[in-house]
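The structure appears below as structure tokens.
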Amino acid sequence: MLNITTKTKHRDIFPEVVNLLDNSKKFFERIGASDMEKKVVEMRAQLNEPFYLLVAGEYNSGKSSFINAMCGERVLTDGPTPTTNRITLLTYGDKVEIKEVGDHLCQATYPMESLKDVTLVDTPGTNSIIIEHSALTESFVHRAELVLFVTSADHPFTESERQFLQFLKNKWGRKVLFILNKIDLKTPEELNEIINFLEKNCYRLLGFEPKILAVSAREAYRAKVEGNKELLDKSKIVEVENFIFDKLDLDTKIDFKLVSPLKYLFNVFTELQHNLSEKVNKCNTDIKSIERFETRLKNKKHDMQEYTLKYKDEIKLVFSRLKEKLDNFLNSYVTIKSVTFSKVGREKIDEKFKREVYGLLNPQVDLDRIIDDVVDYVARNNRALWDLARDHIEKEVGYDRRAGSILDGHAERHYDDRKHEIEIALKSRSKEFRELDIDRESERINSSVQGGFISFLVTEAFAIGIGVSAIMIFSWIVPPPVTIGISVALAAIGFAILPKRRKTFRNEFIKRTDAICERFVEFMKFEIDKAIDRVIEDISNNISSYRDLRWTEREEIVRQVSEVNMLLESVKTLMRKSGLS
Ligand SMILES: Nc1nc2c(ncn2[C@@H]2O[C@H](COP(=O)(O)OP(=O)(O)OP(=O)(O)O)[C@@H](O)[C@H]2O)c(=O)[nH]1
Ligand SMILES: [Mg+2]
């Protein structure tokens, strides 16, 4: 375990870094980022552990050989194929020992003084065909305070190495030390060229000047085993060991230890801040987009209600056609002449009435057609608007159809149900129209005509009777011109009786039909508006549930943003205190 009391700076910062890690853990736990939570917990635990020196690089670059060379003993397995398949933590111990401590995790000990405050971590190589090897190494990177990046002199700085280094720097903010291995394969001139190449391209591609330590792990190992001083010098292992174990003094190591989680959290929170602000923007855009759709729905409702006003005129037209037919009927059949002849011809007036006024173009049929039109119109719009709403939610707002309720695959049934519902509402109550009972109206016209005709006959009989008797009996009392005048007047009255009855029937019929028409128009308007209301309300409710969802999401994200801001501020403060920025 590292003693962290060497510098006052460390004494001050240590509890604050611990506190920051604890708060970060709570934050990741709250937002359900269990992966991050686990990493933060590990980093927190690692503050009390020895300095972790991660030996990483592509497979076959000589990582395990390099550790073996430092030990002067073959503690780890090396070989010409992708060899290392687990992570080995090499710490100080009295004797050489390796034991498995977890899934793909080993604990090894070796009696080397330098390992008392440094843990060397051997990792599987990247860029081999065994993908799990890379994944295993990447999953351990957050625990390293410093990375020794082993690259082979026979193919230095490959594209996959660049990618891995970028991952180390950008994602984890890890400090990297280059170990240029296998220098025994190159001449000094070639080595210079390689080092220049590395320096230039590292700066160009990754933006930093690398510290490069050249070594031959193979020769170093052999030199140590054989006790060959000359070969040991040639291998340059001593320079590397000096740098790693001596130049990196305890304070520097503690700096790395405390700074590593800070750098990591800085990157994580900065990225999170960016992502969250994008999410807030997306929520805002979605909410606006849904609100725009809601306005569109409101306008559509207004348009539909406007459009359906035309049915009012169509209904009125049906009733005015009925009146026209009545007038034609009255003019054609309810005159003294026609009634007289029809009586003679024994044709019943009520049947004629039924046939002429209600027969062809029956108003009931016309009204049913209007209702069908309305039902079709509303149902068509219902379907079109649902489709539009679904498209909008899926394409503009980006919700997966399966995630929401927007007519989850039951569209056809829903459309049919709604159509049926509107049909029932309009048709069932429209039966009131049948108050204009054809049979009763026929009876009415019949009794008007019959009564009128009989009265006409009786009056005319009286008139004739008075005329005749006046001439024959009363002429001696009353002068004949007077009685004739009376009989003429009576005859005239007789002729006026039928038209009067006809007029009364017409007025009453029109009053009755007008009342029904008015009621029907009112009823239709009410029912149509109700149906349109329901269609729009249904869709609006569904759509607005997505808006509410986005509202809730936004609230949560905004909360996360403020927490991240606070955590990032703490990170920055600690970075300033530790002299990082
Ligand atoms: N010529 C030469 N060969 C070396 C040197 N170091 C290692 N090798 C050889 O390179 C091969 C790979 O060595 P390892 O140590 O297994 O490489 P590694 O990076 O651990 O490989 P993985 O565990 O598969 O990732 C072995 O055949 C070593 O003998 C060196 O300095 N010079
Ligand atoms: Mg290895």
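Could you tell me how far the Cα centroid of region 382-398 sits from the Cα centroid of region 182-208, in Å?
59
Quick check: pseudo-label points 7 Å beyond the Cα along Cα→Cβ at T552 and N85, how many nm apart are they?
Taking the two extended label points, one gets 4.7 nm.
Quick one: which residues, 5+ away or cross-chain, put their amide H under 5 Å from the amide H of R86? H built at 1.01 Å from N.
Result for R86 returns nothing.
Given q = 0.08, 0.11, 0.16 Å⁻¹, what are the Debye log10 I(q)/I(0) values for region 50-271, with equal point scatterers placed on the Cα positions and solvent ignored?
After summing over all Cα pairs, the log10 values are -0.26, -0.50, -1.15.
Put a dot 7 Å past each Cα toward the Cβ at F197 and T340; how far apart are the dots in nm?
In this crude spin-label approximation the distance works out to 13.0 nm.
Give me the percent relative contact order of the chain, please, defined on Cα pairs under 8 angstrom at least 6 residues apart.
Working: 724 pairs, mean separation 86.1, N = 581.
Relative contact order of the chain: 15 percent.
Expressed as a whole number of Å, what is the distance separating the alpha-carbon centroids of region 57-106 and region 511-530?
92
Rounded if a/c is under 1.5, else prolate if a/b is larger than b/c, else oblate: which is region 100-228, with a ≥ b ≥ c the root eigenvalues of its Cα gyration tensor?
Details: a/c = 1.71, a/b = 1.08, b/c = 1.58.
Cα axes put region 100-228 in the oblate bin.
Less than 23 Å apart at the alpha-carbon level, and either on another chain or at least 8 residues along: which lysines does that give for K354?
Correct list for K354: K316, K323, K325, K337, K343, K431, K500, K503, K511.
With every protein chain left in place, what is the accessible area of K419 in Å² (1.4 Å probe, nearest 10)?
70
How big is the accessible area of W551 in square angstrom, nearest 10, if you roll a 1.4 angstrom probe over the protein chains?
W551 exposes around 110 Å² with every protein chain in place.
Could you compute how much accessible surface H274 exposes when probed at 1.4 Å, giving the result in Å² to the nearest 10?
Number for this one is 100 Å².
How are the alpha carbon pair distances in region 270-314 distributed across 10 Å bins from zero to the largest one, expressed in percent?
Calculated over all Cα pairs of region 270-314, the distribution is 24, 25, 19, 14, 11, 6, 1 percent.
Work out how far the C-alpha atoms of the chain reach from end to end along every principal axis, then list the three figures in whole Å, largest first.
Largest to smallest, the principal-axis extents are 178, 47, 42 Å.
Under a no-solvent Debye model with one identical scatterer per Cα of region 23-165, what's log10 I(q)/I(0) at q = 0.09, 0.18, 0.21 Å⁻¹?
Those come out to -0.29, -1.06, -1.32, one per q.
Just to verify a number: FRET efficiency for D373 and N331, C-beta to C-beta distance, R0 = 45 Å, to 0.05?
Values: r = 32 Å, r/R0 = 0.72.
That pair, D373 with N331, gives E of 0.90.
For region 149-283, count the residues as N, evaluate 2.2 N^0.38 Å, and divide the Cα radius of gyration by that value, please. Display every interim value, and only then the final one.
Numbers: Rg = 18.9 Å, N = 135, 2.2 N^0.38 = 14.2 Å.
Rg over 2.2 N^0.38 Å, computed on Cα atoms: 1.33.
Report, to the nearest 10°, how far helix 250-308 tilts away from the longest principal axis of the Cα atoms in the chain, using its own Cα long axis and a range of 0 to 90°.
So the inclination is approximately 10 degrees.
For region 14-98, which trypsin sites (Lys or Arg not before Pro) pass both filters: DSSP loop (anything but H, G, I, E, B) and at most 11 other C-beta atoms within 10 Å? Could the numbers behind the result be given before it?
Numbers: sites: K25, K26, R30, K38, K39, R44, K63, R74, R86, K95; in loops: R74, R86, K95.
Here the trypsin sites (Lys or Arg not before Pro) that fit, given the DSSP loop and packing criteria, are K95.
Which whole-number percent gives the relative contact order of region 125-255, counting Cα pairs below 8 Å spaced six or more residues apart? If you can, show how the numbers build up before the last one.
On the way: 140 pairs, mean separation 25.6, N = 131.
It comes to 20 percent, rounded to a whole number.
What's the center-to-center distance, using Cα atoms, between region 547-572 and region 149-179 in Å?
Centre-to-centre (Cα) distance: 34 Å.
How high is the relative contact order of region 50-271? Use alpha-carbon pairs under 8 Å, at least six apart in sequence, and give a whole percent.
On the way: 411 pairs, mean separation 49.0, N = 222.
Once divided by the residue count of region 50-271, the mean separation gives 22 percent.
Ignoring ligands, DNA and RNA, how do R162, R369, R292 rank by accessible area with a 1.4 Å probe, largest first?
Values: R162 45, R369 105, R292 145 Å².
Result of the area sort, largest leading: R292, R369, R162.
Obtain the nm distance between the two label points defined at K99 and S428 by a simple spin-label model: each point lies 7 Å from its Cα along the Cα-to-C-beta direction.
Here the answer is 8.1 nm between the modelled labels.
The values are calculated or read from the model by the stated rules, or taken from the named source; none is laboratory data. All figures in this text were calculated on a predicted structure; none of them were measured in a lab. Note that each Cβ is placed from the backbone with ideal geometry, even for glycine, and that neighbours are counted across all protein chains shown. When the accessible area is computed, the model is the full protein with side chains, heavy atoms only, and any ligands, DNA or RNA have been set aside. Shrake-Rupley method; radii C 1.70, N 1.55, O 1.52, S 1.80 Å.
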